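Participant: Just passing along the structure, written as structure tokens.
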Amino acid sequence: MISRTTLRCVRRILFSLDSSWRYLLVGMGVGVLGALAVEVFRILLFMVEMGLISAHNGHLVPAAHELEPEIRLLVPIIGAPAVGMLLWLAENEHSSRLSRTRGDYIEAVVIGDGRLNLRSGMLKILASLVVVSTGGAVGREGAMILLSAMTSSWFGRFAGNTLDLRLMVSCGAAAGLAAAYHTPLAGAVFVAEILLGSLALAQLGPVVVAAVVSHGITISLVGSGVRFPMEAAPTVGALQVMVMLAFAPVSGVAGAALLYWLKLARQSFIRLNLPLPLPLLLGGLIVGLLSLWYPEVWGNGDSGIRQQIHGIGAWQTVALVLLLKLLAVAATTGSGAPGGVFTPTLFVGAAFGALLSAVLTAFGFTSTPEPVYAVLGMATLLASTTHAPVMAALMVSEMTGQYSLLAVFLPACVVATLVSQHLHPQSIYGLSAPTEEPK
């Protein structure tokens, strides 16, 4: 237990520093805490997955292939009662506290004061762990980022009123994303584009420091390397650049369609008006049934992304897995199961880009399918769902190591975002683009 003397000493040191140096120092501390929080969650998740279905290092799809069909059907269902209980407790915990605390880190920054309900958040994180470890078609990274943001919020409240809690949570979110995806630049820009609009741009420094430090700690713990390694893309010609830019508005339409699809799925489950955990049982049953056909519907789509960027599989297989994955993601998120949709969105984009490559090959534009289109699909679809084009372009470049394509990704992501915003004004985070013209 931290003594009051130590607490007063920490507060005195922080208060004595100039605000700029104070937040840079705090950013370093949040970066360390965020990386450790993400790694603890990752280790715990992998242990649970290993115990349940013998999955090694989070590779759910290979483990699903090894299971008997009846077990594969039941695994996504068995966690529903536990998830339902955890979500019920989280909602009760959040509603019983007449305070300004928020249950979501984006709400806490954009419309709140940075206070997160730590108990409710931990219950949701545990529920997400259960969903992911039982094959739910959502990403594990959402819970990682939330845990990092919660850790930074706790640290800020511990330090007292010497720190801006909204900035602390922003630093925590950047650190969590940098640790989860190995993308320090995108982690900082994620906050700048999605969260930092309500804060001063001068406060970007601590966010960058938190993301970079978190990335460094993660490398020291799990090793270096990009998330989705691939061979360096050849230099693209002018005609190929034109095709990529022409693909951007199509990707913007696809991103808006994906947002409407996820909204429709959620509304459909709500209309059923089923008490917990029945919606979760239904969602798990749908995923289990789909996995009898293709086990690839399990998990966040990591393995599928690797297949697309390496050109593995015929276009018919890519199209079928894409369709089934869209159904699985809709069933999981629509049922109310907690989890991220960041990585599933990347999978949809990679598959969409791979299909574009197949079309270009069929019409003789290219001699063989080219992975660069799958990577382009990842960037543009992520931009069109998050409405954060710079973050999307940077993130996909960092995750694949294709920095040479950044000059093409950036304008393509901007175009995709503008088209998507016109068709679906709210991003996947429920935030709307500004509608007023600058004066």
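The values are calculated or read from the model by the stated rules, or taken from the named source; none is laboratory data. It should be emphasised that the depicted structure is a prediction, and the values quoted were computed from it without experimental measurement. Cβ atoms come from the backbone with ideal geometry, glycine included; neighbour counts cover every protein chain shown.
Participant: State yes or no: is PHE247 farther than 27 Å from LEU418 by Cα, surrounded by 16 or more Cβ atoms within 10 Å (Cβ to Cβ), at pLDDT 90 or above and in the same structural domain as ALA383 (by TED's automatic domain parsing)? Before the answer, list the steps.
Facilitator: Details: farther than 27 Å from LEU418 by Cα: no; surrounded by 16 or more Cβ atoms within 10 Å (Cβ to Cβ): yes; at pLDDT 90 or above: yes; in the same structural domain as ALA383 (by TED's automatic domain parsing): yes.
Criteria not met by PHE247.
Participant: Also, quick follow-up: Looking only at helices (runs of 4 or more DSSP H) that lie completely in the stretch 11-79, which have at least 3 residues being out of contact with any helix residue (DSSP H, G or I) (no Cβ under 7 Å at 6 or more places or on another chain), in the same structural domain as LEU123 (by TED's automatic domain parsing) and modelled with pLDDT under 90?
Facilitator: Details: elements: 19-53, 60-66, 69-78.
Helices (runs of 4 or more DSSP H) meeting the threshold: 19-53.
Participant: Let me ask another. Looking at the stretch 109-134, I want the residues that are more than 16 Å from VAL169 (Cα to Cα) and have a partner that is buried (at least 24 other Cβ atoms within 10 Å of the Cβ) and among the acidic types (Asp, Glu) with Cβ atoms under 9 Å, at least 6 apart or on another chain. Which pairs are those?
Facilitator: Sorted first by the residue in the stretch 109-134, then by its partner, the pairs are VAL132/GLU49; SER133/GLU49; THR134/GLU49.
Participant: Looking at the stretch 83-110 only, could you name the residues that are basic (Lys, Arg) and either surrounded by fewer than 22 Cβ atoms within 10 Å (Cβ to Cβ) or modelled with pLDDT of 70 or more (or both)?
Facilitator: Just the residues of the stretch 83-110 that are basic (Lys, Arg), to begin with: 97, 100, 102.
If the condition is that a residue be basic (Lys, Arg) and either surrounded by fewer than 22 Cβ atoms within 10 Å (Cβ to Cβ) or modelled with pLDDT of 70 or more (or both), then ARG97, ARG100 are the ones that fit.
Participant: Of everything in the stretch 142-184, what is in contact with a helix residue (DSSP H, G or I) (Cβ under 8 Å, 6 or more places away or on another chain), modelled with pLDDT under 90 and not in a helix (DSSP H, G or I)? Give them in sequence order.
Facilitator: Scanning the stretch 142-184 gives GLY160, THR162, LEU163, ASP164.
Participant: Look through the stretch 315-337, keep the residues that are without any contact (Cβ under 8 Å) to a residue 40 or more places away in the chain and more than 22 Å from SER133 (Cα to Cα), and return whichever of them is surrounded by the fewest Cβ atoms within 10 Å (Cβ to Cβ).
Facilitator: The first filter runs over the stretch 315-337 and keeps only residues without any contact (Cβ under 8 Å) to a residue 40 or more places away in the chain, leaving 316-317, 319-324.
Narrowing the set further to residues that are more than 22 Å from SER133 (Cα to Cα) leaves 316-317, 319-320, 323.
Numbers: GLN316: 9, THR317: 13, ALA319: 16, LEU320: 15, LEU323: 14.
Selected residue: GLN316.
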